[in-house]
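All of the numbers you see were taken from the coordinates with simple rules; none came from a lab. No experiment lies behind these values; they were computed from the predicted model shown. Cβ coordinates were reconstructed from backbone atoms using ideal geometry, including for glycine residues, and neighbour counts include every protein chain displayed.
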Amino acid sequence: MSNEPSSNAFSSCPVPLPHRTEITVGHGGGGRLTQDLIDRVFRAAFANPSLNDQHDGALLCAPQGGRLAFTTDSHVVSPLFFPGGDIGKLAINGTVNDLCMCGARPLWLSAGFILEEGLAIATLEKVVASMQAAAVAAGVSIVTGDTKVVERGKGDGIYVTTAGIGVIESPLVVSPSRIQAGDAIVLSGDLGRHGMAIMATRAGLTFESDIESDCAPLVAPVQALLRAGLEVHCLRDLTRGGLATALVELAESSRLSLAIDAALVPVTELVGGACEILGLDPLYVANEGRFICLLPAAQAEQARQIISAHAPGGPAAIIGQVKAGPAGQVTQRSIIGSERIVDRLSGEQLPRIC
């Protein structure tokens, strides 16, 4: 294994200032700065019941009956192509998976492109072909979109924004507000592949075998859980900020306490080794094909088996439980039995990974 990173491999955001008068890279990392920006700027301006639910998408009632899920996502990943995926595949699966986390079957997507002057048409064609292949794999259609071009030097090749609509066919309400004390936490597969695939590429790290992104659609495992009639309370995909940030978000929105056991959280030897080299905690590393399911403990083993049979990156694992309190707290039991508080990152651990 070679571990000789280039001098500019480890970009980092500055320590956030208390007044936070300007946007920093850390505002896009999914941690404390992101949450502060959402709360102080966006939620303050746009507050409504759907937004205040703090879900991966909005749950909406159609005028003629039935329920829909609606979500949107923007993608600024660098590099555009990485082991296991590219910005196009990422854009499709990111939006598809957010709809799945609402308990919806994804149907239709839009795609907006910001292109920089000088971008090779061949690069754009490759990205678009990847998007179409990912859409077919997920069972969705790209039905509308938009294109804008910015001057040379005022973009970074391609930025992609996707929005999606899905139909909610189950009578269940899958939402953070449904989490209950006593629920089990089921993780769909091993952690950290996407973030470490990006960082290994940037840093010029080479291993005996490549770390490939876990970028994949989650339609199959989620639909299998719903068809089985399990009482799924909440689903959350583990993107920016990884498992740790997702757990904190759910603890805060549900006003409950979530506890996990580090010995039960799967991390491959390759990802663990790369994280150790780069000084990163796998709990905070982004994923693009992993999710957690919270449901009654009595159904956890059945859910684990269903997810293992259908989800990429399995087998799934039961990694923790929901407790009544302290409200908003996440704890992790270490391999040696000690317990620590899991909190949001203050800044950006891995910039521009999605």
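If only the Cβ of Lys and Arg carry +1 and only the Cβ of Asp and Glu carry -1, the dipole of the stretch 48-168 around its Cα centre is close to 240 debye. The residues neighbouring Thr268, those whose beta-carbon lies less than 11 Å from its own, together hold a net charge of -3 under the Lys/Arg +1, Asp/Glu -1 convention.
Counting Lys and Arg as +1 and Asp and Glu as -1, each charge on the Cβ, what is the dipole of the chain about the Cα centre in debye, to the nearest 20? Could you put the intermediate results ahead of the total?
Details: 25 positive and 35 negative charges, 143 e Å.
Approximately 680 debye in magnitude.
Here the scattering of the stretch 48-168 is modelled by Debye summation over its C-alpha atoms, one equal scatterer each and no solvent; at q = 0.20 Å⁻¹ the log10 of I(q)/I(0) is -1.05.
Cα centroids of the stretch 86-144 and the stretch 214-256: how far apart, whole angstrom? A separation of 21 Å, based on Cα centres. Among Val76, Val136, Val173, the residue with the largest mean-square fluctuation in a Gaussian network model of the chain, with springs joining Cα atoms closer than 10 Å, is Val136. Sorting 275-284, 335-344 by average packing, meaning the other beta carbons within 10 Å per residue, from highest down gives 275-284, 335-344. The alpha carbons of the stretch 176-342 give a radius of gyration and a Dmax of 15.5, 46 Å, in that order. Per residue, the average separation of C-alpha pairs within less than 8 Å and at least 6 apart gives the chain a relative contact order of 25 percent.
Computed from the C-beta positions of Gln64 and Ala309 and an R0 of 56 Å, the FRET efficiency is 0.95 to the nearest 0.05. Dividing the radius of gyration of the alpha carbons in the stretch 260-354 by their Kirkwood radius gives 0.96 for Rg/Rh. Think of the stretch 176-342 as a dipole: +1 on every Lys or Arg Cβ, -1 on every Asp or Glu Cβ, centred on the Cα centre; then among Ser257, Val222, Thr206, Ser257 lies furthest on the positive end.
Relative contact order of the stretch 176-342: what whole-number percent is it, with Cα pairs under 8 angstrom and at least 6 residues apart?
Values: 384 pairs, mean separation 71.6, N = 167.
So the answer I get is 43 percent.
Using only the alpha carbon atoms of the chain, find the Kirkwood hydrodynamic radius as the inverse mean reciprocal pair distance, in angstroms to one decimal.
Numbers: mean 1/r = 0.0484 Å⁻¹.
Taking every pair of different Cα atoms in the chain, averaging 1/r and inverting gives 20.7 Å.
Here the extension length gained between Glu231 and Glu301 equals 23.9 nm, from 0.36 nm per residue of separation less the Cα-Cα distance. The spacing between the stretch 294-327 and the stretch 176-196, judged by their C-alpha centroids, is 7 Å.
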